[in-house]
Amino acid sequence: NAMILMNLYCNKIMKPIDGSCCQPQPPLTLIQKIAFCFFTLSIIGYLIISLIHRNNYRKNKPCTDLESGEEKKPAISIPNVSTLEMLLHCFCKLGLIMTYFYLCDRANLFMKENKFYTHSSFFIPITYILVLGVFYTENTKETKVLNREQTDEWKGWMQLVILIYHISGASTFLPVYMHIRVLVAAYLFQTGYGHFSYFWIKGDFGVYRVCQVLFRLNFLVVVLCIVMDRPYQFYYFVPLVTVWFMIIYATLAVWPQIIQKKANGNCLWHFGLLLKLICLLTCIYFLSYSQGAFEKIFSFWPLSKCFELNGNVYEWWFRWKLDRYVVFHGMLFAFIYLALQKRQMISEGKGDPLFSNRVSNVLLFISIVSFLTYSIWASSCKNKTECNELHPSVSVVQILAFILIRNIPGYVRSVYSSFFAWFGKISLELFICQYHIWLAADTKGILVLIPGYPVFNVLVSTFIFVCVAHEISQITNDLAQIVVPKDNSTLLKRLLCIAGFFSGLHFFSAMQDQSRH
């Protein structure tokens, strides 16, 4: 009774993140009200257009000629779905989804519960998921190293492990924490590998490519920042991959632009690219040991608006520093692999080992030993701060060991788990959506849709969570085709409109801050 009385009095003032009892619902900000009006108008607009199209379809529906028994063709053909209707349809679905987000984690409508870590709550779901993934094994379309199916599979099982890690509260157990750090590093490794491979092979440094990638990475987070009233840096992983993509682009796009087609004619271009990578590594090393310089760069407007959290950029500095070398490692691995592939020094045929039998066996043995050695070191880790200092330099060991174990044997490289690959295709949406509709209180707790039945609650909330993430992925892909056109002049106009949109957001945000003070 005393605790209830204390909560009744204190929670209104202190507003603790792990206590929703007796807290008033936070008032809607001006930007949230504008977003609510926008989604409402989108839903109304889509319903009106749908009704008009349905009436036109009924009027032009083929009718049967009673004398001949044949269908008469309509005088006017049924129109295809217009761009406006598709746009309104996407915003209509997104509006309903964002309403669910707000109700789950801002409206105090659903209960939240605390996380309590036990070994069984983490390892039993992991075992179940991994066994389930094995039953959905299929042959890959191609047998190259890190082919599309394999990278989707890799992202999928890593994302599922990370989700279980978050909901079970396993961050309190240091050995698990260190292994999860490697999984996050592996995502960034794939960022370096994938984007470097694309630019190196395609040589496409156009604005369209950049805008497509930035839109797909940031669309959901920008919407959540508006609807959930959270800063951009709160969803730290998206700023991280966005900045690293721009760094990769800048490294390869600046003069001289060195691509595979040009380098094949003269080997000196390979040394030029290596020189670029060395310059990038030097810059990373300098910034990692100069916190003052790093903070000055990201404290300038408008970067400060994107990367500040709680009034400073320390959180951004910590996140960037934690995996500062792994994107470079991914770029370097892609360069070496593509050079070996071009010179036909590796065998990627179906069922064939990657190298000769002797070399393959030696590399496989070294990889297994390295993988286990890292796991033993991570499991014996006692101090999180000291281990975090070593992590940027040694995480690549386990990542490269896994890649070699997964790709050296031909029969392993030729198959993949379609179960994990399906989750891998929506891994970014899963990572972001968990903040509000699977976990709760901005990841500090667990969402309770069905009180009193914890297992059933997790099953129901997980099903809704995965369906929502898949739907948002579809919406993002559809909107990317509309919002980011291939025509450069049209794209430039869209970019000016987007700049105006963010200027308006900044203006309303400044007004909101003034009203608070």
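Among helices (runs of 4 or more DSSP H) lying entirely in the stretch 255-333, which contain 1 or more residues that are under 30 Å from Val145 (Cβ atoms)?
Filter on the stretch 255-333 gives 260-265, 268-288, 314-322.
Does the stretch 208-228 hold any residues that are surrounded by fewer than 18 Cβ atoms within 10 Å (Cβ to Cβ), farther than 21 Å from Glu471 by Cα and in contact (Cβ under 8 Å) with a residue 40 or more places away in the chain, and which are they?
Tyr208
Please determine whether any residue of the stretch 436-457 is buried (at least 18 other Cβ atoms within 10 Å of the Cβ), touching a residue at least 60 places away in the same chain (Cβ under 8 Å) and aromatic (Phe, Trp, Tyr).
Within the stretch 436-457, one or more residues are buried (at least 18 other Cβ atoms within 10 Å of the Cβ), touching a residue at least 60 places away in the same chain (Cβ under 8 Å) and aromatic (Phe, Trp, Tyr).
Between Asn108, Asn114, which is surrounded by fewer than 14 Cβ atoms within 10 Å (Cβ to Cβ), touching a residue at least 40 places away in the same chain (Cβ under 8 Å) and not hydrophobic (A, V, I, L, M, F, W, C)?
So the residue among Asn108, Asn114 that is surrounded by fewer than 14 Cβ atoms within 10 Å (Cβ to Cβ), touching a residue at least 40 places away in the same chain (Cβ under 8 Å) and not hydrophobic (A, V, I, L, M, F, W, C) is Asn114.
Looking at the stretch 458-491 only, could you name the residues that are outside any helix (DSSP H, G or I), open to solvent by 50 Å² or more (accessible area, probe 1.4 Å) and closer than 17 Å to Arg216 by Cβ?
Listed by number, the list holds a single entry, Lys486.
Identify, by number, the condition in (1) in contact (Cβ under 8 Å) with a residue 60 or more places away in the chain; (2) open to solvent by 10 Å² or more (accessible area, probe 1.4 Å) that Thr172 doesn't meet.
(1)
Filtering the stretch 266-298 down to residues that are closer than 17 Å to His329 by Cα and of a type in the set (Ser, Thr, Tyr), which residue is surrounded by the fewest Cβ atoms within 10 Å (Cβ to Cβ)?
Ranking the candidates gives Thr282 first.
With the structure loaded, tell me whether Tyr177 is under 19 Å from the mean Cα position of the chain (by Cα) and among the aromatic types (Phe, Trp, Tyr) or whether it fails that test.
In short, no.
Here is a check on your reading of the model: is Cys104 modelled with pLDDT of 90 or more, in contact with a strand residue (DSSP E or B) (Cβ under 9 Å, 6 or more places away or on another chain) and closer than 30 Å to Phe39 by Cβ?
So Cys104 passes the test.
Tell me, which residue of the stretch 131-181 that is outside any helix (DSSP H, G or I) and among the aliphatic types (A, V, I, L, M) is nearest to Lys384 (Cα to Cα)? Walk me through it before giving the result.
To start, the set of residues in the stretch 131-181 that are outside any helix (DSSP H, G or I) comprises 135-147, 169, 173.
Within this subset, residues satisfying the condition of being among the aliphatic types (A, V, I, L, M) are 145-146.
On the way: Val145: 34, Leu146: 32 Å.
By that ranking, first place goes to Leu146.
The values are calculated or read from the model by the stated rules, or taken from the named source; none is laboratory data. This is a predicted model, so every value here is computed, not measured. We place every Cβ from the backbone using ideal geometry, glycine too, and count neighbours over all the protein chains shown. We work out accessible area using only protein heavy atoms, side chains counted, and drop any ligands, DNA or RNA first. Shrake-Rupley method; radii C 1.70, N 1.55, O 1.52, S 1.80 Å.
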